[in-house]
1. When the chain is fully extended, how far beyond the present Cα-Cα distance does residue 60 get from residue 9, taking 0.36 nm per residue of separation?
2. Helix-derived [θ] at 222 nm for the chain: sum -39500 (n - 2.57) over DSSP H runs of at least 4, divide by residue count, nearest 500?
3. Points 7 angstrom from Cα along the Cβ direction at residue 234 and residue 211: gap in nanometres?
4. Where the only charges are on Cβ atoms (+1 Lys, Arg; -1 Asp, Glu), what is the dipole of the chain about its Cα centre, to the nearest 20 debye?
5. With only alpha-carbon atoms counted, please give the Rg and Dmax of the range 171-266, in Å.
6. About the Cα centre of the range 171-266, what is the dipole size in debye to 20, counting +1 per Lys and Arg Cβ and -1 per Asp and Glu Cβ, all else neutral?
7. Can you compute the charge dipole magnitude of the range 10-86 about its Cα centre, using +1 on each Lys and Arg Cβ and -1 on each Asp and Glu Cβ, nothing else charged? Give it in debye, rounded to the nearest 20.
8. What is the sum of charges around residue 167, taking Lys and Arg as +1, Asp and Glu as -1, for the other residues whose C-beta is under 15 Å from the C-beta of residue 167?
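Every number here is computed from the coordinates shown, using simple stated rules; none is lab data. Keep in mind that what you see is a predicted model, and the values were worked out from it rather than measured. Heads up, the Cβs are rebuilt from the backbone with ideal geometry, glycines too, and the neighbour counts pull from every protein chain shown.
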Amino acid sequence: MLAIPPGLDPDVLRAFVMIAEGCSVTRAAERVGRTQSAISMQMKKLEEVLDAKLLARAARGVQPTHQGLWLLERARTLLTLHDEIHQAFRAAPLSGQVRLGTPDDYALQWLPDVLARFAEQHPRIEVDVVCLNSEELAERFAAGSLDLTLLTEGHALPGQSGEEVWRGPLRWVGPAPNALPRRDPAALAQRDPIPLALAHPGCTWRGAALQALGRAGRQARVTYNSATQTGCFAITLAGLALTVSTPTRLPPGLAWLGAAEGLPALPDMGIFMFRAEAPENAAVDALVDAIRLGFGASAT
């Protein structure tokens, strides 16, 4: 078993960096609050631990040796990380409230993991989640009722382009084979017109589904309207219609459909994040970062 090497004291490394960067031993001692003799002893001890000559006297004072220059580069990196760790744990915990809007399907697919990690890191920040369709969320956001909202592509806000946090395919959803004895997903897909469970006419997904079927020469009828993805899934679970969704955890009894059932391909859809134009808010900043990280991880 290899012996554990002796540790390197960050304070000693900091003094070494100061000296190597041009400070005299006297000035380095003043900056770290030690005596000159104490600093000299530290440098001697450091050289003994590393078994290398690190500093040498020259015409312009103490200069790092070749090995000292090698250590200098790495000591800077180590001290940066050391200070970052201390700052992160000593920083005052964030607190406050963030009003977050999201369509219900995004809340089910992405937000549980995002919010769970966020609560662990920022337990003093309260997140008030409002689940509505993108059109209603856009109205609330424009009225100043939300600090942050996720919207499906196609729901633009005046003066704001939003930040795309995810892009992926829209897909057909139907009842799983054998989930319902008298409901065959292939038979549903072959009906003319195809029965669909979709949101209101302003929904981007609805438009994409109807346009794709139209280009394929297929007739469709929206037999069930629901303001939420959960409502569309309920109708599809009953075997009464097909619906569409971005990739998500489908409830038991539902399945992804596509070319095998004679259905046309659907376009990719983006999810956009909009932040209110308000004074800087550290709590909102933190949730923005958490959402970026969560949605980014799902795309890898």
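1. On the way: separation 51, 0.36 × 51 = 18.36 nm, distance 2.74 nm.
Gain on extension, residue 60 to residue 9, equals 15.6 nm.
2. On the way: 11 runs with 130 residues, N = 300.
Taking each H run of at least 4 residues, the total per residue is -13500 deg cm²/dmol.
3. The modelled label-to-label distance comes out at 3.0 nm.
4. On the way: 28 positive and 31 negative charges, 113 e Å.
Its charge dipole is roughly 540 debye.
5. Just the Cα atoms of the range 171-266 yield Rg and Dmax of 11.8, 34 Å.
6. Working: 9 positive and 3 negative charges, 15 e Å.
Dipole of the range 171-266, to the nearest 20 debye: 80 debye.
7. Values: 11 positive and 9 negative charges, 61 e Å.
Computed about the Cα centre, the dipole is about 300 debye.
8. On the way: positive: 171, 292; negative: 153, 163, 164, 268.
With Lys, Arg at +1 and Asp, Glu at -1, the neighbours total -2.
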